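Visitor: Dumping the structure here so I can ask a few things about it.
The values are calculated or read from the model by the stated rules, or taken from the named source; none is laboratory data. Since the structure is predicted, the reported quantities are computational estimates derived from the model, not experimental observations. Virtual Cβ from ideal backbone geometry, glycine too; neighbours counted across all protein chains shown. These accessible areas exclude ligands, DNA and RNA; they are computed on the full protein's heavy atoms, side chains included. Shrake-Rupley method; radii C 1.70, N 1.55, O 1.52, S 1.80 Å.
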Amino acid sequence: MHRQNYQDILARVQTPTRYAGNEINAVKKDLDQVDLTFALVFPDLYEIGTSHFGLQILYSILNSQDNIAAERFFAPAQDLEQLMAQKGIPCLSMESQQPLNQFDIIGISLLYELNFTNILTIFSLSKIPFYAEQRNDTFPLIIGGGPCAFNPEPLADFFDAFVIGDGEEVVKKIANQVIEFKQQGDGHKKTLLRLLSKIDGVYVPCFFIPQWDKAGIQTLTPLYEDYSRIRRAFLPTLTLDMFPMNPIVPYAKPVHDRLRLEIARGCSRGCRFCQAGMIYRPVRERSVEDLLEIARVSLKSTGYSEMSLLSLSTGDYSNLTPLMQQLLSMNLGQCNSISLPSIRAERLTPELMELIKTVRKTGFTIAPEAGTQRLRDIINKNLTEESIRATVENAFKLGWKNIKLYFMMGLPFEEMEDIDGICRLSTQLAAAYTKGSKSINVSVTSFIPKAHTPFQRHSQMTLSQTKEKLQYLKDNLRHKRIKLKWQDPEMSLLEGVFARGDRRLAPLLVSAFEKGCRLDGWSDKFNFGLWQKAFDDTGIDPLFYTCRTRSEQETLPWDHIESGVTDTFLKKEFQRAQESALTPDCRDHDCTGCGVCDFKHLQPVLHEVKTILPVSPGPSQPTLPADDAFFQFDLLFSKLDRARFFGHLEMATIFERAVKRAGLTVKYSKGFNPSMRMSFNNALPLGMESEEERMSIFLERGSRPAQIKDALNKALPTGLYVIDCRLHSKSRQQDTARSAYRIRFSEPCLDQTKIDRFLDLSEFMVEDLSKKGKIRRTDLRKSVQTITLLDQTSIEMVVVQYNTRNIRPTEVLAKYFKIDETAVQTARIKKIRQG
């Protein structure tokens with residue numbers, strides 16, 4: 001594999017993402033010593049994608065094979081994209097900083113239609129032609145997978161293949177087939193694609209030729225008789241070997257900064273609007289024993305303090321109460337917490353309610369979806385108003401301060417009474433239960449008919465209808481304890497276009513990208529005006545894809561994709577919706593005949609309910625050792641190289657997790673949300689290095705300083721190193737009022753004359769605002785002890801505290817020497833000694 005070294009270029013790019021790839025549990029291999037390189041691309045920002053569970057699964061599975069190296073890529077923010085384009089920097093992998101176009105396979109996560117322009121951003125920076133037909137055999141194999149792949153047609157012209165369904169087993173088959181193909185030396189991508197098409201769940205779009213009739217309806221003609229329909233890939237059971245036991249722990253705070261335990265996959269409740277509930281069937285639960293083993297191993301390898309239970313319907317897990325009991329028991333004294341997103345009222349047993357009182361309260365979501373019982377029955381929500389009220393009441397009683405109610409507008413057979421019902425129900429709940437500091441967030445989105453659901457042929461609301469109903473909610477949903485949130489109607493329209501579209505949308509996507517559309521899923525980045533121009537330029541009518549009911553005779557763009565749920569079942573469910581008839585959950589009732597299970601190789605996996613241990617009433621707290629069981633230790637550590645991009649709050653989290661990974665017993669504060677008893681002497685600014693930083697921590701009596709040092713150094717990331725560890729002694733405390741810094745500029749900024757002129761001053765007063773908003777005066781001259789010119793681009797500066805205030809050398813450089821802000825920001829500043 002030919003590789004170019006981009007380290008010299010990266011050295012000029014000052015961005016905190018530079019320390020990505022050195023995260024805890026990231027896997028780095030010699031790319032020249034493996035048989036296959038696999039790029040895992042998440043087409044959104046690092047903060048969103050790095051904790052995505054599907055990405056973690058594939059990363060773990062691929063890297064578990066010695067002959068395969070999987071590395072990660074994310075979409076850049078717009079300012080970074082501009083900088084990369086300007087400097088000619090391609091998209092580089094997190095782990096080895098190698099260009100995307102040099103990998104054998106590129107696998108792209110397709111989770112959200114409004115991420116599609118980000119895919120083109122990544123291709124463009126990587127010099128990869130957009131269209132598959134324009135890429136010769138030297139380019140990587142590009143594969144997409146995820147929920148959006150269940151209608152792959154809008155992206156079909158850009159991809160070589162798609163994975164439909166569960167990816168755990170398919171990705172290994174694809175990887176091994178590509179390795180074998182490379183070793184045979186054929187080299188023709190079409191030959192490889194034909195081999196891949198024989199794997200269940202693999203869709204190769206170039207083997208289907210599109211045609212459009214006079215009405216603009218797409219039909220596909222398969223090139224091969226034995227490859228006319230693509231059956232979804234199924235994972236029959238969830239096993240330990242398919243779980244990412246050592247997930248990557250990012251340093252920057254992601255959206256899900258906790259250990260995620262997938263307790264089950266699939267949902268059998270049968271909501272007729274819900275694509276996930278259809279395409280992830282059947283329900284497959286993990287055993288309590290497996291989940292406890294995962295928790296034990298993963299908490300040790302990550303240092304996380306919080307776990308969340310991941311499932312489409314967490315409350316339906318057969319052994320939720322026994323699982324919670326054992327997880328909480330396992331974590332006694334470790335101050336770990338468990339977050340629960342939502343529990344339906346009918347699942348709240350007395351034992352579970354007592355357990356919930358002990359968990360940390362994050363968000364609690366209830367999804368009535370519709371404002372009236374009539375419409376909830378139509379969509380098969382199986383949720384009564386009485387149950388909604390009971391759930392809200394119980395959630396507030398159990399300690400939640402805020403509850404989110406989730407509704408949709410534009411559902412099939414909706415009337416204005418249903419929109420008014422959202423106002424009525426939300427207001428009544430707020431009036432009855434939001435006492436004191438309690439509140440309710442009402443979130444409203446537009447219904448989008450998704451592929452492989454009973455409502456897939458139904459129309460979507462027009463933009464004017466959406467805005468009219470949204471305005472009605474704004475005007476009528478008024479309560480001091482309610483906050484209304486909504487999705488941009490234009491974003492919903494665009495999502496609907498691509499969710500229900502065909503191959504004619506490829507030029508539209510390219511046109512929007514060329515006009516500057518980026519990160520469309522972010523409301524502050526979304527520009528519908530640019531999309532309107534793209535629609536006009538390509539002649540695409542968005543209403544053709546969204547606001548049109550599709551007859552039973554019309555071929556749907558995704559008809560060749562088999563989700564496992566039969567067309568007969570979907571049609572029957574739509575008829576039952578017209579009749580407001582409920583379809584029961586097959587978990588608790590007879591099989592509903594959706595067609596997914598064959599009851600030989602594939603069927604629901606539900607575990608026998610285990611014995612529930614008695615739960616004492618009242619909130620229980622972890623049993624913590626007594627205060628006198630701990631000693632205070634002082635640590636001296638360095639923060640160098642990439643570690644300079646850790647902010648102070650990130651540093652605290654990094655050390656907390658390192659302490660846990662090191663297996664050290666640490667003292668915690670009192671209260672419901674205890675924190676580690678550790679403190680840093682001085683918060684070092686972002687981007688600054690230091691050879692001497694100090695902190696203190698309370699650890700178990702009997703801990704030996706040398707062992708503490710060694711254990712922490714094994715757990716800390718590259719760039720952080722504990723130099724010394726000693727028992728705390730007030731007599732040995734060193735003065736931290738004086739610090740020496742070495743500063744290296746990228747070009748000459750100071751000379752001896754300027755330095756002498758400053759040192760000859762008797763004072764140099766400046767004013768600024770303190771954190772409390774008060775004006776404070778500082779004498780920068782008295783704050784600087786010495787400045788020594790080392791060479792044309794380097795100085796050493798010794799500063800001292802001024803009225804207990806720590807002075808930074810950057811303040812002196814900017815306010816007296818008037819050095820350009822960019823020069824100050826790009827300077828390499830290192831604290832070389834303290835005291």
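Visitor: Inspect all residues belonging to the stretch 556-563 and state whether any of them is in a loop (DSSP other than H, G, I, E, B) and either in contact with a His (Cβ under 6 Å, 6 or more places away or on another chain) or among the acidic types (Asp, Glu) (or both).
Guide: The initial filter retains those residues of the stretch 556-563 that are in a loop (DSSP other than H, G, I, E, B), namely 556-560, 563.
Applying the additional criterion that residues be either in contact with a His (Cβ under 6 Å, 6 or more places away or on another chain) or among the acidic types (Asp, Glu) (or both) yields 559, 563.
Yes, the stretch 556-563 contains a residue that is in a loop (DSSP other than H, G, I, E, B) and either in contact with a His (Cβ under 6 Å, 6 or more places away or on another chain) or among the acidic types (Asp, Glu) (or both).
Visitor: Further question: Considering only residues of the stretch 367-396 that are within 19 Å of GLN275 (Cα to Cα) and in contact (Cβ under 8 Å) with a residue 60 or more places away in the chain, which is most open to solvent (accessible area, probe 1.4 Å)? I'd like the intermediate steps shown before the answer.
Guide: Applying the first criterion (within 19 Å of GLN275 (Cα to Cα)) to the stretch 367-396 yields 367-370, 375-383.
Adding the requirement that they be in contact (Cβ under 8 Å) with a residue 60 or more places away in the chain leaves 369, 377-382.
On the way: GLU369: 11, ASP377: 37, ILE378: 5, ILE379: 0, ASN380: 1, LYS381: 23, ASN382: 57 Å².
Across the stretch 367-396, the extreme among qualifying residues is ASN382.
Visitor: Can you tell which of VAL565, VAL609 is of a type in the set (A, V, I, L, M) and at pLDDT 95 or above? I'd like the intermediate steps shown before the answer.
Guide: Details: VAL609 fails: at pLDDT 95 or above.
Unique residue meeting the criteria: VAL565.
Visitor: Let me ask something else about it. Restricting to the stretch 439-460, and then to whatever is among the aliphatic types (A, V, I, L, M) and touching a strand residue (DSSP E or B) at 6+ places or on another chain (Cβ under 6 Å), can you tell me which residue is farthest from CYS517 (Cα to Cα)? Please lay out each step first, then the result.
Guide: Pass one, the stretch 439-460, residues among the aliphatic types (A, V, I, L, M): 440, 442, 444, 448, 451.
Subset that is touching a strand residue (DSSP E or B) at 6+ places or on another chain (Cβ under 6 Å): 440, 442, 444.
Working: ILE440: 34, VAL442: 29, VAL444: 25 Å.
It comes out as ILE440.
Visitor: Just need a number here: residues in the stretch 350-364 that are open to solvent by 50 Å² or more (accessible area, probe 1.4 Å) and β-branched (Val, Ile, Thr).
Guide: Counting residues in the stretch 350-364 that are open to solvent by 50 Å² or more (accessible area, probe 1.4 Å) and β-branched (Val, Ile, Thr) gives 1.
Visitor: While we're on this one: Considering only the stretch 397-416, state which residues are outside any loop (DSSP other than H, G, I, E, B), in contact with a helix residue (DSSP H, G or I) (Cβ under 8 Å, 6 or more places away or on another chain) and surrounded by fewer than 22 Cβ atoms within 10 Å (Cβ to Cβ).
Guide: Here is the first cut: in the stretch 397-416, the residues outside any loop (DSSP other than H, G, I, E, B) are 397, 402-409, 416.
Of the ones still in play, those that are also in contact with a helix residue (DSSP H, G or I) (Cβ under 8 Å, 6 or more places away or on another chain) are 403, 405, 407, 409, 416.
MET416, the sole residue that qualifies.
Visitor: When the residues of the stretch 668-705 are narrowed to those that are basic (Lys, Arg) and within 26 Å of ARG360 (Cβ to Cβ), which ends up surrounded by the most Cβ atoms within 10 Å (Cβ to Cβ)? Step through it out loud before you land on a result.
Guide: As a first pass, look at the stretch 668-705 and keep what is basic (Lys, Arg): 670, 677, 694, 701, 704.
Add one more test, that the residue is within 26 Å of ARG360 (Cβ to Cβ), and what stays is 670, 677.
Working: LYS670: 9, ARG677: 16.
By that ranking, first place goes to ARG677.
Visitor: Filtering the stretch 563-591 down to residues that are at negative phi and in contact with a Gly (Cβ under 7 Å, 6 or more places away or on another chain), which residue is most open to solvent (accessible area, probe 1.4 Å)? Spell out the reasoning first.
Guide: Pass one, the stretch 563-591, residues at negative phi: 563, 565-579, 581-591.
Retained after the next criterion (residues that are in contact with a Gly (Cβ under 7 Å, 6 or more places away or on another chain)): 565-566, 569, 583, 585.
Values: VAL565: 12, THR566: 53, PHE569: 8, THR583: 14, ASP585: 15 Å².
Looking at residues that are at negative phi and in contact with a Gly (Cβ under 7 Å, 6 or more places away or on another chain), I get THR566.
Visitor: On to the next question. Cβ-Cβ under 6 Å, sequence separation 6+ or interchain: first residue in the stretch 628-648 and assigned to a loop (DSSP other than H, G, I, E, B), partner buried (at least 17 other Cβ atoms within 10 Å of the Cβ) and charged (D, E, K, R). Which pairs?
Guide: Partner pairs satisfying both residue conditions: LEU640/GLU689.
Visitor: From ARG777, ARG744, ARG781, ARG757, which residue is more than 21 Å from ASN681 (Cβ to Cβ) and either free of Cβ contacts under 8 Å to residues at least 12 places away in the same chain or β-branched (Val, Ile, Thr) (or both)? Walk me through it before giving the result.
Guide: Working: ARG777 fails: either free of Cβ contacts under 8 Å to residues at least 12 places away in the same chain or β-branched (Val, Ile, Thr) (or both); ARG744 fails: either free of Cβ contacts under 8 Å to residues at least 12 places away in the same chain or β-branched (Val, Ile, Thr) (or both); ARG781 fails: either free of Cβ contacts under 8 Å to residues at least 12 places away in the same chain or β-branched (Val, Ile, Thr) (or both).
When all the criteria are applied, what remains is ARG757.
Visitor: Only one of these conditions is not met by GLN218: (1) in contact with a Pro (Cβ under 6 Å, 6 or more places away or on another chain); (2) under 21 Å from MET307 (Cα atoms). Which number is it?
Guide: The single condition GLN218 does not satisfy is (2).
Visitor: Tell me which residues, restricted to the stretch 289-324, are under 30 Å from PRO717 (Cβ atoms), among the small types (Gly, Ala, Ser) and open to solvent by 10 Å² or more (accessible area, probe 1.4 Å). So that I can check it myself, show each step before the final result.
Guide: So in the stretch 289-324, the residues under 30 Å from PRO717 (Cβ atoms) come out as 290-310.
Adding the requirement that they be among the small types (Gly, Ala, Ser) leaves 295, 298, 301, 303, 305, 308.
Correct list: SER301, SER305, SER308.
Visitor: Here is a follow-up. Let me spell it out: the conditions are (1) more than 15 Å from LEU40 (Cβ to Cβ); (2) within 21 Å of the chain's Cα centre (by Cα), and GLY146 meets all of them except one. Which number is the exception?
Guide: Of (1) more than 15 Å from LEU40 (Cβ to Cβ); (2) within 21 Å of the chain's Cα centre (by Cα), only one is false for GLY146: (1).
Visitor: Let me ask something additional. For the stretch 517-525, state whether one or more residues are closer than 20 Å to ILE48 by Cβ, among the small types (Gly, Ala, Ser) and surrounded by 18 or more Cβ atoms within 10 Å (Cβ to Cβ).
Guide: The first filter runs over the stretch 517-525 and keeps only residues closer than 20 Å to ILE48 by Cβ, leaving 517-525.
Next cut, among the small types (Gly, Ala, Ser) only: 521, 523.
Still in the running and surrounded by 18 or more Cβ atoms within 10 Å (Cβ to Cβ): 521.
Looking for residues that are closer than 20 Å to ILE48 by Cβ, among the small types (Gly, Ala, Ser) and surrounded by 18 or more Cβ atoms within 10 Å (Cβ to Cβ), one finds at least one in the stretch 517-525, hence yes.
Visitor: Across the stretch 255-274, what is the number of residues that are part of a loop (DSSP other than H, G, I, E, B), farther than 20 Å from GLN603 by Cα and open to solvent by less than 10 Å² (accessible area, probe 1.4 Å)? First the steps, then the outcome.
Guide: First, pick out the residues of the stretch 255-274 that are part of a loop (DSSP other than H, G, I, E, B): 255-258, 263, 266-274.
Keeping just the survivors that are farther than 20 Å from GLN603 by Cα gives 255-258, 272-274.
Filter once more, keeping what is open to solvent by less than 10 Å² (accessible area, probe 1.4 Å): 272.
Result for the stretch 255-274: 1.
Visitor: Then there is this: Look through TYR224, TYR251 and report the one residue that is in a loop (DSSP other than H, G, I, E, B), surrounded by 13 or more Cβ atoms within 10 Å (Cβ to Cβ) and out of contact with any Cys (no Cβ under 7 Å at 6 or more places or on another chain). Write out each step before concluding.
Guide: Working: TYR224 fails: surrounded by 13 or more Cβ atoms within 10 Å (Cβ to Cβ).
On inspection, the qualifying residue turns out to be TYR251.
Visitor: Does any residue of the stretch 275-288 turn out to be under 28 Å from ALA149 (Cβ atoms), touching a Cys at 6+ places or on another chain (Cβ under 6 Å) and open to solvent by 20 Å² or more (accessible area, probe 1.4 Å)? Show your work before the answer.
Guide: Step one: of the stretch 275-288, the residues under 28 Å from ALA149 (Cβ atoms) are 275-286.
So of that shortlist, the ones also touching a Cys at 6+ places or on another chain (Cβ under 6 Å) come out as 277, 282.
Of the ones still in play, those that are also open to solvent by 20 Å² or more (accessible area, probe 1.4 Å) are none.
The answer is no, given that none of the residues of the stretch 275-288 is under 28 Å from ALA149 (Cβ atoms), touching a Cys at 6+ places or on another chain (Cβ under 6 Å) and open to solvent by 20 Å² or more (accessible area, probe 1.4 Å).
Visitor: While we're here: Could you list, ordered by first residue, the pairs with Cβ atoms under 7 Å in which the first is in the stretch 197-209 and surrounded by fewer than 23 Cβ atoms within 10 Å (Cβ to Cβ) and of a type in the set (S, T, N, Q) and the second is modelled with pLDDT of 95 or more and assigned to a helix (DSSP H, G or I), at least 6 apart or interchain?
Guide: SER197/PHE207
Visitor: List every residue pair whose Cβ atoms sit under 6 Å apart, with the two residues 6 or more apart in sequence or on different chains, where the first one lies in the stretch 54-81 and is in contact (Cβ under 8 Å) with a residue 12 or more places away in the chain and the second, anywhere, is surrounded by fewer than 23 Cβ atoms within 10 Å (Cβ to Cβ) and among the basic types (Lys, Arg).
Guide: ALA69/LYS29; GLN78/ARG518
Visitor: Open to solvent by less than 30 Å² (accessible area, probe 1.4 Å) and in contact (Cβ under 8 Å) with a residue 60 or more places away in the chain - does that describe any residue in the stretch 541-549?
Guide: The initial filter retains those residues of the stretch 541-549 that are open to solvent by less than 30 Å² (accessible area, probe 1.4 Å), namely 542, 545-546.
Narrowing further to those that are in contact (Cβ under 8 Å) with a residue 60 or more places away in the chain: 546.
Yes - at least one qualifying residue is present in the stretch 541-549.
Visitor: Separate question: Residue under question is ARG833, and the condition is that it be closer than 19 Å to ALA740 by Cα and of a type in the set (Lys, Arg); does it hold? Don't jump to the end; show me each part of the working.
Guide: On the way: closer than 19 Å to ALA740 by Cα: yes; of a type in the set (Lys, Arg): yes.
In short, yes.
Visitor: Of all residues in the stretch 24-53 being among the small types (Gly, Ala, Ser) and crowded, with 20+ Cβ neighbours inside 10 Å, which is farthest from the chain's Cα centre (by Cα)? Show your work before the answer.
Guide: Taking the stretch 24-53 and keeping what is among the small types (Gly, Ala, Ser), we get 26, 39, 49, 51.
When the remaining residues are screened for being crowded, with 20+ Cβ neighbours inside 10 Å, the result is 39, 49, 51.
Details: ALA39: 18, GLY49: 4, SER51: 4 Å.
Looking at the filtered set, the residue picked out is ALA39.
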